[in-house]
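Undergrad: Below are the structure tokens for one structure; questions will follow.
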Amino acid sequence: MADHDLHGSGGMSLPVRTRDEGDDEGPPTSGLVDHGEPSESLAAHEGRLEDGMLLRDFEERTTFYDAVAELQMTQTEAKLFYQRSRNGNSPWPQATPFESPLIFAGSRPATEYGADSLVLDPDGETPDAVDASFRPFGSANPFSPTHLHKPSPNASCILNDAKVANDPSAGLAGSAFLDTEPHITAELSAISKQIHRIVDTRRRYIAISSQGPNDNPRDTPEWEIYPPPPEPAWVSSHGHGSDETGKQGGGSSTDATGPKRPVRRRKSGHRIGDDFDLDDLLPLPDASEMTFELDSEGIYQVFDSPASRTPAIRVPTIREFYMDLEEIVRVSSDGPSKSFAFRRLQYLEGKFNLYALLNEYQETADSKKVPHRDFYNVRKVDTHVHHSACMNQKHLLRFIKSKMKKSPNEVVLFRDGKHLTLAEVFASINLTAYDLSIDTLDMHAHIDSFHRFDKFNLKYNPIGESRLRTIFLKTDNFMHGRYLADITKEVIADLESSKYQMVEWRISVYGKSIDEWDKLAAWVVDNKLFSHNVRWLVQIPRLYDVYKASGLMDTFEQVVRNIFQPLFEATRDPSRHPKLHVFLQRVIGFDSVDDESKIERRLFKKFPVPRAWNTTQNPPYSYWIYFLYANMTSLNHFRRSRGFNTFVLRPHCGEAGDSEHLAVAALCCHSISHGLLLRKVPLLQYVFYLEQIGIAMSPLSNNALFLAYERNPFHQYFKRGLNVSLSTDDPLQFAFTKEPLIEEYAVAAQIYKLSPVDMCELAKNSVKQSGYERSIKQQWLGQDFEKPGKDGNNVAKTNVPDRREEFRYHTLLQERDILNRYSAYGAGSETASNAPRGIEAAERKDSNKSLPLAAAATGPKEADAGGHAGSFFDSHAAEPLLPAGSTAGNHITGSDPMIFPGILAREHRNSSSRNLASGG
């Protein structure tokens, strides 16, 4: 046993004996050093042993640790902090690094906002405690919307030379950043360029399909909403900023620019449908000269005239779609890219936690200043709910008993060659109205449905009887869906009575026959199911294999024809489908539904076109989404040219199954429902954050089917800044109360400890995700709701404090700026040659892509020679993001590897620790 140097309080030391060559144990080394060969660096240290030192006291450089580099980085950071403090003439001994919270101690009384709160632009004033010359963002207002677009003249500590503004590597913390680990920076630059390509590709697909924020004609001021929305219940006269003083923008039936229609008013919650009359919409628009036809690829092409043979819009081919999809999947599975995205998402979550910790009392004080508004009377939209399950079990039970009591002798079914009354149907299953109960209905999805989607689908059958589902929950039955229309009106009355709850109901079109659309439209129009609180989405069940097995169709092309041909016909000549034309004015878009956990076997190296798909195998998820997207692209171009409303693609995605589904959604979908699997694909989650793709989440539904509530990533997504909203999915299976949406919010607030501001922010997200007309959103959120940050926030309507909106917006801008600056690193220099070969190959592949796809979406001025957008655009403000020389959000404090630990250059990972040690 070796003696150790012991230093007592008196300074006395004991003799020390070190190991000699005869010791059994070898020199202790790090567990990461190769033990097969002696370490040359350790042998070199033997001659420099001081008293009391062992060989293991020398810090050996390994693959993951370099003591010398860490010491240098620490010294560099200290020097940088000192320089910032000196050059900024700050009264503080040390300046705060960029993108760190600015804590203005004593800037407000503790009784008003709480001590040491993080103040984001408090009423446009700057605290007197901080000298005016210390402006981390170089403007009078640290978080003004303009500071992110101009380099600061006062930020001389960062921009010491005027030439920095023209340097592509500007904003990357100077030469210390470039001198430390250039290989790591090159890899981060390559990762950023890959993310740029994904975002640019998505934006081209969205622009081509007219799913952008300014593409829908119903968002123009000239659009007329019929029936018109109700007038505001009260008019503010106290100067609190409430704009509920006039009629709706383009939605008033008395608009001077539109046709004069009779004003039919009714009290909310009463006489549903009395304010609608089909004759008020006559005459319908004339037929168009444009034509359409289904091509050999399974896509409806639109032509400007009967003589033209050139399609009016170029739709991406299935080959281009799968090449772009493969690129997204490849990048999302790349190890360094996943590490980068994971670190950024972790940072975003931590940043929000710090913000919430420092601003809780301030946000509460801001909310208390708002008159009238609270969580219960801000507008909230149920962005994902299926119409056939829109009521709760108690409501359905009361409705069935009421019909049994009042109409027992009404003929409701034709079966086995004879007509059956409602009493005879219940007699055939040996039940009376008295026997019925919630337990008897057995429609609640309990624990027996977990990971059993087949059992969940059976829950739609009351008492387990499909005939009762046909009678009460179908639109196409012997009674033409009259019972379902009656209960729908009761649900609408409840919604209108609550006033502040809206829904977007999913209703099915299966694609089994060509007349499904006309039957559905007739059901809505004839029963007058129009309400200010209701909009519709059409869901397409992916059931081709079922239809094929039953002999209903031979090829997948028949599904495409049955779904889209009536829509093109109604667009070209509304008089051929008058009710369908009226119904489509309240339709937002398309959804795709089925069990995502089904195994998808790829039978073909190259997928056949729909007319050649005659196998009994169901097409994969990506195949379904592509043909919905491609045909919707042509349809939107056709409808937009005629001034009709367009549609968006909002499928179920990421609930279970393959993560490729999320890549498909990131490529071409407006928004999605569920998105649970994003927690397993950090890069796609990061893309969803950067593009603010809407995610309608239903934790109570997921808890019963796929994921326990405490494991649901909803709260994590929310803290990281993803565009999430709460929805109910299927109240009939999951809800217990009369207001299922409030129940969803209440459970989330209890489990996740959501504050009132959090809940109001989720409600605001739901309105912005929804497909309601812009004039309606302006009434609910404010006239400038589309502007980012506090400029677009009306706290008197949303009850979301400006500081929360500013935090979300500037955090997003800073993340995008980081990608811009990394992408600009090494542009046109030799450092680009250090990028991984796979990246170079991807760039060469991208440069060979055809230009028309990009040019069709971005225009010649916005597309470069490689077919990519020339700059990284802000999807909200539609303007270029931060310039390369901007210092906004610069959190790099001396060297970049400190910010992204664990991301090493491929050259380092492929080299042995022995080579690294000898090289050091």
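The values are calculated or read from the model by the stated rules, or taken from the named source; none is laboratory data. In this text the structure is predicted, and so the values were computed from the model without any measurement. Ideal geometry is used to build each Cβ from the backbone, glycine not excepted, and the neighbour counts take in all protein chains shown. With ligands, DNA and RNA removed, areas are computed over all heavy atoms of the protein, side chains included. Shrake-Rupley method; radii C 1.70, N 1.55, O 1.52, S 1.80 Å.
Undergrad: Among the listed residues 333, 337, 308, which satisfies the condition of being surrounded by 17 or more Cβ atoms within 10 Å (Cβ to Cβ) and either among the hydroxyl-bearing types (Ser, Thr, Tyr) or at positive phi (or both)?
TA: Of the residues listed, the single one that is surrounded by 17 or more Cβ atoms within 10 Å (Cβ to Cβ) and either among the hydroxyl-bearing types (Ser, Thr, Tyr) or at positive phi (or both) is 337.
Undergrad: Just to be sure before I move on: is residue 409 of a type outside the set (Val, Ile, Thr) and open to solvent by 30 Å² or more (accessible area, probe 1.4 Å) in the structure I sent?
TA: When the stated conditions are applied, residue 409 passes them.
Undergrad: Mind checking which residues of the range 529-558 are of a type in the set (A, V, I, L, M, F, W, C) and either open to solvent by less than 60 Å² (accessible area, probe 1.4 Å) or not in a loop (DSSP other than H, G, I, E, B) (or both)? It would help to see each step written out before you state the result.
TA: Looking only at the range 529-558, we keep the residues that are of a type in the set (A, V, I, L, M, F, W, C), and these are 529-530, 534, 536-538, 540, 543, 546, 549, 552-553, 556.
Listed by number, the residues that qualify are 529, 530, 534, 536, 537, 538, 540, 543, 546, 549, 553, 556.
Undergrad: Quick test for you: out of 805, 815, pick the one residue that is among the acidic types (Asp, Glu), open to solvent by 20 Å² or more (accessible area, probe 1.4 Å) and either outside any loop (DSSP other than H, G, I, E, B) or at pLDDT 95 or above (or both).
TA: 805
Undergrad: Follow-up. All but one of (1) open to solvent by less than 40 Å² (accessible area, probe 1.4 Å); (2) more than 24 Å from residue 224 (Cα to Cα); (3) of a type in the set (S, T, N, Q) hold for residue 636; which doesn't?
TA: (2)
Undergrad: Checking the structure you have, find out if any residue of the range 484-499 is of a type in the set (Asp, Glu), in contact with a strand residue (DSSP E or B) (Cβ under 6 Å, 6 or more places away or on another chain) and either open to solvent by 40 Å² or more (accessible area, probe 1.4 Å) or over 19 Å from residue 564 (Cβ atoms) (or both).
TA: Scanning the range 484-499, I find no residue that is of a type in the set (Asp, Glu), in contact with a strand residue (DSSP E or B) (Cβ under 6 Å, 6 or more places away or on another chain) and either open to solvent by 40 Å² or more (accessible area, probe 1.4 Å) or over 19 Å from residue 564 (Cβ atoms) (or both), so the answer is no.
Undergrad: Filter the range 517-528 down to residues that are open to solvent by less than 30 Å² (accessible area, probe 1.4 Å) and out of contact with any helix residue (DSSP H, G or I) (no Cβ under 6 Å at 6 or more places or on another chain) and give me whichever is nearest to residue 738 (Cα to Cα).
TA: 523
Undergrad: While we're on this one: If only one of 542, 506, 561 is within 25 Å of residue 287 (Cα to Cα) and basic (Lys, Arg), which one is it?
TA: So the residue among 542, 506, 561 that is within 25 Å of residue 287 (Cα to Cα) and basic (Lys, Arg) is 561.
Undergrad: Hey, another quick one. Output the residues belonging to the range 184-223 that are in contact with a His (Cβ under 6 Å, 6 or more places away or on another chain) and part of a helix (DSSP H, G or I).
TA: The one that is in contact with a His (Cβ under 6 Å, 6 or more places away or on another chain) and part of a helix (DSSP H, G or I): 200.
Undergrad: Identify, from the list 775, 823, the residue that is open to solvent by 10 Å² or more (accessible area, probe 1.4 Å), more than 23 Å from residue 380 (Cβ to Cβ) and of a type outside the set (A, V, I, L, M).
TA: Going through 775, 823 in turn, just one is open to solvent by 10 Å² or more (accessible area, probe 1.4 Å), more than 23 Å from residue 380 (Cβ to Cβ) and of a type outside the set (A, V, I, L, M): 823.
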